[in-house]
1. Compute the angle between helix 69-87 and the longest alpha-carbon principal axis of the chain, please, reported from 0 to 90 degrees and rounded to the nearest 10.
2. Which angle between 0 and 90 degrees, to the nearest 10, do you get for helix 44-63 versus the longest principal axis of the chain when only C-alpha atoms count?
3. With no solvent and one point per C-alpha, what does the Debye sum give as log10 I(q)/I(0) for the chain at q = 0.13, 0.15, 0.18, 0.26 Å⁻¹?
4. Looking at segment 8-88, which trypsin sites (Lys or Arg not before Pro) are in a loop (DSSP not H, G, I, E or B) and have at most 16 other Cβ atoms within 10 Å?
5. Find out how many positive minus negative residues lie around Ile39, taking Lys and Arg as positive, Asp and Glu as negative, among other residues whose Cβ is under 14 Å from that of Ile39.
6. Round to a whole angstrom and tell me the spacing of the C-alpha centers of segment 58-75 and segment 2-29.
7. Would you look at the GNM of the chain, springs on alpha carbons closer than 10 Å, and say which of Ile19, Ile67, Ile55 moves the most?
8. Measure nothing fancy, just the Cα-based angle from helix 5-41's long axis to the longest principal axis of the chain, in degrees from 0 to 90, nearest 10.
Amino acid sequence: MANIKSQIKRNRQNEKHRIHNRVYRGTARTMVAKALVAIDSGVEETASEATLKAIRALDKAAGKGIIHKNNAARRKSRLMKKLSTVTA
């Protein structure tokens with residue numbers, strides 16, 4: 001447990017930020033998982049729609065600094081690569 005006043009405040013702030021960031025990180029994970037399931041189902045229209053939602057969620061998380069922009073780019077690239085197997 002922190003004894004220093006500034007560290008006590010920093011701990012409170014970190015907890016608030018963690019809870020706030022969790023929403024966007026969780027949403028991104030959920031959307032990516034749904035996109036992967038849709039891609040595996042093989043229905044092109046559903047898969048592309050779910051992939052676009054996942055990309056939007058990843059971009060939002062990266063824009064807010066919750067995940068690194070390169071992390072988002074890598075995950076989007078992998079999703080598009082898998083989506084191309086259904087489309088082709």
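1. 20
2. That works out to roughly 20 degrees.
3. -0.50, -0.60, -0.74, -1.15
4. Lys64
5. Residues close to Ile39 contribute a combined charge of +3.
6. 19
7. Sorting by GNM fluctuation, first place goes to Ile19.
8. The answer is roughly 10 degrees.
Each value in this text was obtained by applying a stated rule to the coordinates, not by laboratory testing. Note that the coordinates shown come from a computational prediction; the quantities given were computed from them, not determined experimentally. Positions of Cβ are generated from backbone atoms using ideal geometry, with glycine treated the same way; all protein chains shown enter the neighbour counts.
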